[in-house]
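Structure, as structure tokens:
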Amino acid sequence: MAINYQLAKFSRAYGNASQIQATTLPEVVFAGRSNVGKSTLLNALLGNKNLAKVSQKPGKTATINFFEVPGCYYVDLPGYGFAQVSLKARQEWAKLINGYFDQKRRIATVVTLVDIRHDANKLDVQMIDFLRDRGLPFLVALTKADKIGRQARLQQADSLRRQFELPDDVRMIVTSSTAGDGIKDLRRAIEAACREA
Ligand SMILES: Nc1nc2c(ncn2[C@@H]2O[C@H](COP(=O)(O)OP(=O)(O)OP(=O)(O)O)[C@@H](O)[C@H]2O)c(=O)[nH]1
Ligand SMILES: [Mg+2]
């Protein structure tokens, strides 16, 4: 049965992992560098531009935000790796993220976002290694594809797959939240992951 995304709504923001509600539904997690387009992609998937707050300024999302979708939760994580941030803020971020992943949660998949225009960054590699070490299911969404040409997209996708040393069974989906590329594919991949979780 098709999921009615219009029913999706904001659930809660958590600044402290210990407060996060106990798990019932599978969770689809959005992770990636600050400003990579996590909140925008989540809005594109849910077909509602105003659900998650978007900003041109990195570091917009500083809490773990839960969105209730029929059959699952979408979880918008605060981004990592923006320059103008204090050591204390970085430590808070690590505490929050580790606190979340340390809980026995029902994670359907982690959508790991990487900007298609840039080569793999140390922090992205760390994120993917972290997910692999923990045996968490994940896929990679390359974002902002509208900013480069068709040929460059394919080249960059191949190149990033090699840089991350991704096995063939890890999906990589080229997306543009503004132009709509890859949104249907990603939605299908997420729905399948939720069914299997
Ligand atoms: N051209 C283009 N711009 C995008 C796309 N996705 C996001 N952006 C822009 O990128 C900027 C950051 O987007 P956000 O969705 O707030 O990024 P985020 O990853 O949630 O950032 P944090 O909350 O800081 O971690 C905004 O100016 C968006 O409009 C896309 O597909 N294409
Ligand atoms: Mg955000």
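Mind checking which residues of the range 14-33 are open to solvent by less than 20 Å² (accessible area, probe 1.4 Å) and either in a loop (DSSP other than H, G, I, E, B) or over 19 Å from residue 195 (Cα atoms) (or both)?
14, 17, 20, 26, 31, 32, listed by residue number.
From the set of residues in the range 182-197 that are among the charged types (D, E, K, R) and in contact (Cβ under 8 Å) with a residue 12 or more places away in the chain, which is least open to solvent (accessible area, probe 1.4 Å)?
Here the answer is 191.
Restrict the check to the range 70-85 and report whether at least one residue is open to solvent by less than 20 Å² (accessible area, probe 1.4 Å), small (Gly, Ala, Ser) and within 13 Å of ligand 2 (Cβ to nearest atom).
Within the range 70-85, one or more residues are open to solvent by less than 20 Å² (accessible area, probe 1.4 Å), small (Gly, Ala, Ser) and within 13 Å of ligand 2 (Cβ to nearest atom).
Going through the range 141-157 one residue at a time, which ones are free of Cβ contacts under 8 Å to residues at least 60 places away in the same chain and either touching a Lys or Arg at 6+ places or on another chain (Cβ under 7 Å) or farther than 22 Å from residue 110 by Cβ (or both)?
145, 146, 147, 148, 149, 150, 151, 152, 153, 154, 155
Of all residues in the range 107-130, how many are surrounded by 16 or more Cβ atoms within 10 Å (Cβ to Cβ), closer than 18 Å to residue 41 by Cβ and without any contact (Cβ under 8 Å) to a residue 60 or more places away in the chain?
Residues in the range 107-130 being surrounded by 16 or more Cβ atoms within 10 Å (Cβ to Cβ), closer than 18 Å to residue 41 by Cβ and without any contact (Cβ under 8 Å) to a residue 60 or more places away in the chain: 2 in total.
Residues being in contact with a Leu (Cβ under 9 Å, 6 or more places away or on another chain) and open to solvent by less than 20 Å² (accessible area, probe 1.4 Å): count how many of those fall in the range 158-181.
Residues flagged as in contact with a Leu (Cβ under 9 Å, 6 or more places away or on another chain) and open to solvent by less than 20 Å² (accessible area, probe 1.4 Å) within the range 158-181 amount to 5.
Output the residue which, of all residues in the range 2-42 that are among the basic types (Lys, Arg) and within 16 Å of residue 63 (Cβ to Cβ), is farthest from ligand 2 (Cβ to nearest atom).
12
The values are calculated or read from the model by the stated rules, or taken from the named source; none is laboratory data. Since this is a predicted model, take the numbers as computed values, not measurements. All Cβ positions, even for glycine, are placed from backbone atoms using ideal geometry, and neighbour counts span all protein chains on display. Heavy atoms of the whole protein, side chains included, go into the accessibility calculation; ligands, DNA and RNA do not. Shrake-Rupley method; radii C 1.70, N 1.55, O 1.52, S 1.80 Å.
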